[in-house]
Amino acid sequence: MALAALSLACAAAPALRAEPVGMLRTPHGVCAATSYVVPEGRRVRLEGCLRTGAAGTIFDNLEPRLVTTLQADDAGDADLTDWQVELLRDGERVLNRALDAGPSHRRCRAFGLGCSERVADVATVAEGFGYGTWTIRYRLMSAEAYAAGRQPAELTIVLR
C-alpha cells in the first residue's frame, strides 16, 4: 500500500532537466518527461522537448519548436486533442494552445502483447528560446479530469 502511494507521489513530482542552451540544436533538443495517471487509473508518458533546428539534418531551419510526445498503453488515452499545453519562460506565458491530433504509431512486442500508442505534436514558439527556466504544463481537458480535480503535469527545463 505504501509503495503504491509512493509511486503515485513520484508521478506527480515535476520533472527537471538542466542543459546548456547549445543543446537546443541537437536532433532531439532538450527534453524532460514524466508519467501521468489519467482518471481511469492508467498511466501515460508525456515528454516535452525544446528544439531549435537540428544541426546537420534536414530540419536545420533554426525555428524554435516545442515537440510533445505522448505514449499510452491504451489507444483511447493517446488522443492529443484531450490535452492543452502551456509554455512559460521564467513564469511568463509564451504559448498556450490545445494540442493537435497527429498520426499515431503503434508499437507492439511479440504476438501483439504489450502494445502502446505514441503520438506527437509540434508547436512553433514565436518568441524563441534563450537562457532561463522553461516550464511546460500539460493539462488533460476531459470532463473526467475536471471532475477528478486532476492537476496538470509539469516539466521544467533550465537552459544555462
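Nothing in this text is a laboratory measurement; each read-out follows from the coordinates by a stated rule. Note that the coordinates shown come from a computational prediction; the quantities given were computed from them, not determined experimentally. No Cβ is skipped: glycine too gets one built from the backbone with ideal geometry, and neighbour counts run over all protein chains shown.
Think of the range 15-160 as having a plus end and a minus end, set by charges on the Cβ of Lys, Arg, Asp and Glu; of ASN96, ILE157, LEU66, ILE157 sits farthest toward the positive end of this dipole. In loop segments of the range 11-96 as defined by DSSP, the trypsin sites (Lys or Arg not before Pro) with at most 14 further C-beta atoms inside 10 Å of their C-beta are ARG42. Distant-in-sequence amide contacts of VAL94, defined by a placed amide H-H separation under 5 Å and a gap of 5 or more residues or a different chain, comprise LEU87, LEU88, ARG89. Extending 7 Å from the Cα toward the beta-carbon at both CYS115 and ASP74 defines two label points whose distance is 1.5 nm.
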